[in-house]
1. Those residues that are open to solvent by less than 50 Å² (accessible area, probe 1.4 Å) and of a type in the set (S, T, N, Q), I need them from the stretch 46-69; list them, please.
2. Pairs under 6 Å by beta carbon, first residue in contact (Cβ under 8 Å) with a residue 40 or more places away in the chain and within 13 Å of Tyr37 (Cα to Cα) in the stretch 76-92, partner open to solvent by 40 Å² or more (accessible area, probe 1.4 Å) and assigned to a strand (DSSP E or B), six or more apart or different chains?
3. Just to be sure I understand, how many residues within the stretch 74-121 are open to solvent by 60 Å² or more (accessible area, probe 1.4 Å), outside any strand (DSSP E or B) and more than 17 Å from Gly16 (Cβ to Cβ)?
4. Looking at the stretch 18-45 only, could you name the residues that are open to solvent by 60 Å² or more (accessible area, probe 1.4 Å) and closer than 12 Å to Glu6 by Cβ?
5. Would you point out the residue of the stretch 1-17, among those that are part of a strand (DSSP E or B) and open to solvent by 40 Å² or more (accessible area, probe 1.4 Å), that is farthest from Gly54 (Cα to Cα)?
Amino acid sequence: QVRVVESGGGLVQAGGSLRLSCAASGSFSSINDMGWYRQAPGKQRELVAVITRGSSTNYADSVKGRFTISRDNAKNTVYLQMNSLKPEDTAVYYCNADAWFSLITGGSRYWGQGTQVTVSS
């Protein structure tokens, strides 16, 4: 069983900053990719940023230059530093972790419960 827990959401004014954290725990061998996704009301869930175990990163065009994803492999934790926030960044932010168990069991992806980020204008 793998548990993925996000924290750090909240209400912030436009131009402000927030830092999200996400920790994966459970009986796995390693966590490979970790990523942040978001879903605004009435919209589909979209990728915000993803980071590999080797710390290669990829960002949605809408957040490039404003958001930074990082991770601590020893803690199986990923962070999302969000600067220069805009009202259109308002959404529920979800963490996704790609857990690897074994060559026999394979791996699987797990989602957190989400954390609300609201940016007021």
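1. The answer is Thr52, and nothing else.
2. Hits for this filter: Tyr79/Ser70; Thr90/Thr118; Ala91/Gln39; Val92/Gln39; Val92/Gln116.
3. 6
4. Arg19
5. Gln13
The values are calculated or read from the model by the stated rules, or taken from the named source; none is laboratory data. Just so it is clear, the structure is predicted and the values come from calculations on it, not from any experiment. Every residue, glycine among them, receives a Cβ derived from its backbone with ideal geometry; neighbour counts consider all protein chains shown. Side chains included, ligands, DNA and RNA excluded: accessible areas come from the protein's heavy atoms. Shrake-Rupley method; radii C 1.70, N 1.55, O 1.52, S 1.80 Å.
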